[in-house]
1. Within the chain, what is the longest stretch that has no chymotrypsin sites (Phe, Trp or Tyr not before Pro) placed in a DSSP loop and near at most 16 other beta-carbon atoms within 10 Å?
2. Tell me, what is the percent relative contact order of region 9-162, built from C-alpha pairs under 8 Å that lie six or more residues apart?
3. How large is the charge dipole for the chain, taken about the Cα centre, if only the Cβ atoms of Lys, Arg (+1) and Asp, Glu (-1) carry charge, to the nearest 20 debye?
4. Kindly provide the Kirkwood hydrodynamic radius of region 9-162 in Å, to one decimal, from all pairs of distinct alpha carbon atoms.
5. Taking the Cα-to-Cβ direction at Ile77 and at Ala143 and moving 7 Å from each Cα, how far apart do the two end points lie in nm?
6. Quick check for the chain: number of Lys pairs with alpha-carbon distance under 27 Å, counting only pairs 8 or more apart or on different chains?
7. Just from its helices, what would the mean residue ellipticity at 222 nm be for the chain, if runs of 4 or more DSSP H residues each count -39500 (n - 2.57) and the sum is divided by every residue, rounded to the nearest 500 deg cm²/dmol?
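We did not get these values from a lab; they are worked out from the coordinates using the rules stated. Note that this is a predicted model, so its numbers are computed, not measured. Positions of Cβ are generated from backbone atoms using ideal geometry, with glycine treated the same way; all protein chains shown enter the neighbour counts.
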Amino acid sequence: MRTLHDTVNGLKLIDCFLRLFVVPLSIASIWLTVTDQQDNSSYGKVEFSNLLGLKYMVCISAISGGYALAAAASSWIKVLATKAWLFFVSDQVVAYLMVTSGAAVAEIQYLAYNGDQEVTWSEACSSYGKFCSRLNIVLALHAIALCCFLVLAVISAYRVFSRFEPPFVPSKEGEEQRT
């Protein structure tokens with residue numbers, strides 16, 4: 001029969017693996033975004049620095065990758081490993097930041113593929129196909145990293161809240177006997 005100690009050790013390995021898995025995903029999404037550019041003779045050059053949402057995603061990817069590496073290393077240090085609340089709050093914050101940056105890139109992608117007729121923006125991906133296809137890859141890598149952080153948030157929540165007993169709820173039989 002598995003003990004609580006075995007479960008905690010198993011979670012620690014999954015936690016560390018997911019954190020280390022996020023690092024190359026973050027690096028790849030940053031590299032693909034920063035090097036993504038395309039020149040069009042009719043409309044000019046488009047690159048990541050032209051779009052604020054992509055700059056934001058690059059910053060959040062750098063933060064999440066750096067945090068994941070630091071958290072993976074510190075999870076094996078006994079003094080920091082006991083700070084479950086620190087990991088819980090940090091994992092939540094990073095996951096939410098990744099949601100917002102992913103939404104920013106998804107919005108850019110939506111506008112690039114569909115345009116916005118109300119403000120007379122035409123779609124851009126027919127003219128900048130390579131740029132758009134690389135952003136699809138970036139969005140997929142970012143989504144995988146986000147899924148890792150969502151799992152990490154659940155694991156860190158389990159670590160924090162499994163230390164407490166469930167609240168006591170008196171049974172109805174006990175109340176009936178008192179009256």
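1. 77-163
2. Dividing the mean separation by the residue count of region 9-162 yields 35 percent.
3. 720 debye
4. With all distinct Cα pairs of region 9-162 included, I get 16.6 Å.
5. 3.6 nm
6. Step by step, the pairs that qualify in the chain add up to 5.
7. My calculation for the chain gives -25000 deg cm²/dmol from helical runs alone.
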